[in-house]
Amino acid sequence: MNKKILIVHTSWYEEYVSRMINIAKDVLGDFDCTNAVAPGALELAALADHKIQDSSFIGILFLGIVVRGQTSHYDLVTKETFRSISNLSMDNCKLALINNVICVENMDQLEARLVKNTTNNAKALIQLIHEKSS
């Protein structure tokens, strides 16, 4: 079985995203992981779509963080990010795609969710890969 996974992550909150990448790679230890860096959450799906065109990836894990600010930008970014990842998933139904973009009100919420969410979503990717390959 092919074991190539694409990890597409944002460049924002680099310290936290680096932790997410390390957690994901630990969970995905048996898989060959390739990283791709998007400027922000809005660009995640488009970058993933570009990377999978000429490749043999069996799964994609999206990693990112969106923290609410003082404007409506948070609502726009979160909705569009989730919509575009969902559309990519529907357009590439043979691939396993898991969205681990963590949307929070503040950094305390991020700290509380980072390890658990990333671990659970990396495990979910493995489960989805196995389900789609059977």
- Item | Selection count, the stretch 110-132, where residues are among the small types (Gly, Ala, Ser) and open to solvent by less than 70 Å² (accessible area, probe 1.4 Å) | 2
- Task: State whether the residues of the stretch 102-109 include one that is farther than 16 Å from Ser18 by Cα, part of a helix (DSSP H, G or I) and open to solvent by 50 Å² or more (accessible area, probe 1.4 Å).
- Result: yes
- Item | Members of the stretch 113-134 found to be farther than 16 Å from Leu63 by Cα and either of a type in the set (Gly, Ala, Ser) or within 13 Å of the chain's Cα centre (by Cα) (or both), listed by number | Ser133, Ser134
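The values are calculated or read from the model by the stated rules, or taken from the named source; none is laboratory data. Note that the structure is a prediction, hence the values are computed from the model and not measured. Keep in mind that these areas ignore ligands, DNA and RNA; they rest on the heavy atoms of the full protein, side chains included. Shrake-Rupley method; radii C 1.70, N 1.55, O 1.52, S 1.80 Å.
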